[in-house]
Amino acid sequence: PLHRHRCQPHLSSVDAEGTIWLAANGNGVRHIAPDLSRIEEMELPTSEAVTAIVSDHDGTVFFGTTQGRVLAYDSNQPSKFREIVSSKQNDISVSCFCVNDDNSILLGTDGHGVKKLYLNNGAWSLEDYEFVIADNTRLKVHHIMCDRDGNHWFGCFQKGVIVVRDGGGKFDYV
């Protein structure tokens with residue numbers, strides 16, 4: 001069975017408090033209270049559209065954009081959003097997210113493979129996610145899931161489903 005907390009649809013997510021997050025028109029984001037008593041809409045500080053949303057194990061909500069930015073939401077900050085990956089670091093469209101057990105986040109991209117986002121000495125780092133496949137950097141990854149055994153499943157445009165066994169050394173096409 002798949003773990004629901006790890007794999008979220010890319011345009012919606014539920015955070016640790018039960019708030020539902022949805023991409024809205026343009027650069028907007030809606031969040032709905034767990035008891036459905038209120039719906040609020042916010043705009044991202046950039047003019048880019050939201051292409052992916054996920055909440056990690058700590059409850060932080062992340063947003064991917066059409067220009068490769070990754071923003072983290074913090075309700076305690078005046079600006080609410082902080083950029084953890086800039087468009088200079090990653091100028092490609094983020095299509096989906098998957099949170100791993102170690103709280104690292106895999107980013108699927110539209111034409112540039114899979115990236116891995118992780119905390120490194122208090123700062124977020126981004127690198128290519130390495131697995132044994134030719135032209136991983138050219139994959140159009142539209143969905144990522146992780147199963148209970150730690151295998152990653154990548155839904156790829158014109159490639160089908162790629163299953164990467166835990167550890168990244170072996171893969172299969174489905």
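FYI, it's all coordinate maths here, none of it is from the lab. As the structure is a computational prediction, the values presented were derived from the model and not from experiment. Neighbour counts are summed over all protein chains in view; Cβ atoms, including those assigned to glycine, are modelled from backbone coordinates with ideal geometry.
How large is the charge dipole for the chain, taken about the Cα centre, if only the Cβ atoms of Lys, Arg (+1) and Asp, Glu (-1) carry charge, to the nearest 20 debye?
Details: 16 positive and 23 negative charges, 72 e Å.
Once rounded to the nearest 20, the dipole reads 340 debye.
For Ser95, which sequence-distant residues (separation of 5 or more, or a different chain) have an amide H within less than 5 Å of its own amide H, given hydrogens modelled in the peptide plane?
Gly108, Thr109, Asp110
Aspartates and glutamates within cross-link reach of Lys140: Cα-Cα under 17 Å, excluding same-chain residues under 8 positions apart?
Asp91, Asp110, Glu127, Asp128, Glu130, Asp172
How long are the semi-axes of the ellipsoid equivalent to the chain, from square roots of 5 times the Cα gyration tensor eigenvalues, in whole Å, largest first? Working shown, then result.
On the way: eigenvalues 139, 61, 44 Å².
Three semi-axes, in Å: 26, 17, 15.
Mean separation of Cα pairs under 8 Å and 6+ residues apart, divided by the residue count of the chain: what relative contact order is that in percent?
Details: 443 pairs, mean separation 26.4, N = 174.
Computed over the chain, the figure is 15 percent.
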